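In what follows, a single structure is set out as structure tokens and then discussed.
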Amino acid sequence: MIILAIEKGDIIKVSYTGKFGGDQIFDTTDEELAKANEIYNPRGMYGGDVVIVGAGHTIAGLDEDFAGKEVGHSGTVIIAPEKGFGEHDPKLVENISLTKFKDQKAFPGMNVELDDKRGTVVKVIGRRVRVDFNHPLAGKDINYEYSIDEKIEEPIEKVKGLLALYTGVPDLEVAIEDNKVSIEVPAMLSFNQRWLMAKGRVASELIEHLGLEKVSYIESYPVQMPTPVVEEANEEEVTESEE
């Protein structure tokens, strides 16, 4: 039996746990581990992610490490800042007037969003607040323990896996005929800004990596519409799904 190594463009299912500072966990596909470390996201997907190798679905250092491995491989990779969350840029640390916070009481460690930028309060000095707009893990070495659980071969499972990565919905209705795919989009995703921003990219990736000729989204609405919950997102969330 010939076992082929994973190559760029392959679609695989991986399980992983990301750490920094020795044993501080910031990212995992293990639901129980996420809960135990207080990083559980009720809207998140657990049990493994389906990713296209080389497509940037994880941070660069982890994505590059997949190539050349085999299904069943497990190991650890140490990732330097330039292949992780970048170097810490002093220019992204700004002093901001306390009036920008309106009725909020600023304090060190507070996560904020100002002028469409996300940051963390470093220090409060009188009427000025120092905010660091770098990624919280910028400048840090990180490590990922991961395993390659499966190489996805069936076209429909490839589509479903990629959709789950972007939507958090594990089993959307998918049909492929004459090299064209139709995807039934439930009403709840019509109010999901992350999905609205990502669906063009999803279609491009399906066409590029699965060789499909056309991707069609079919929106479906029940007779009684659920109360919409608008989930906001920004470009960083769409392009860095690993975070």
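Remarks
- Annotation: of all residues in region 76-112 being of a type in the set (Asp, Glu) and under 15 Å from Ile59 (Cβ atoms), the one that is surrounded by the fewest Cβ atoms within 10 Å (Cβ to Cβ) is Glu82.
- Lys69 falls short on exactly one of the conditions (1) under 20 Å from Ile11 (Cα atoms); (2) in contact with a Pro (Cβ under 7 Å, 6 or more places away or on another chain), and that condition is (2).
- Subset of region 99-114 [outside any helix (DSSP H, G or I) and in contact with a strand residue (DSSP E or B) (Cβ under 7 Å, 6 or more places away or on another chain)]: Ala106, Phe107, Pro108, Gly109, Met110, Asn111, Val112, Leu114
Every read-out reported here was derived from the displayed coordinates using simple, explicitly stated rules and does not represent laboratory data. What you see is a predicted model, and the numbers here were worked out from it, not measured in a lab. We place every Cβ from the backbone using ideal geometry, glycine too, and count neighbours over all the protein chains shown.
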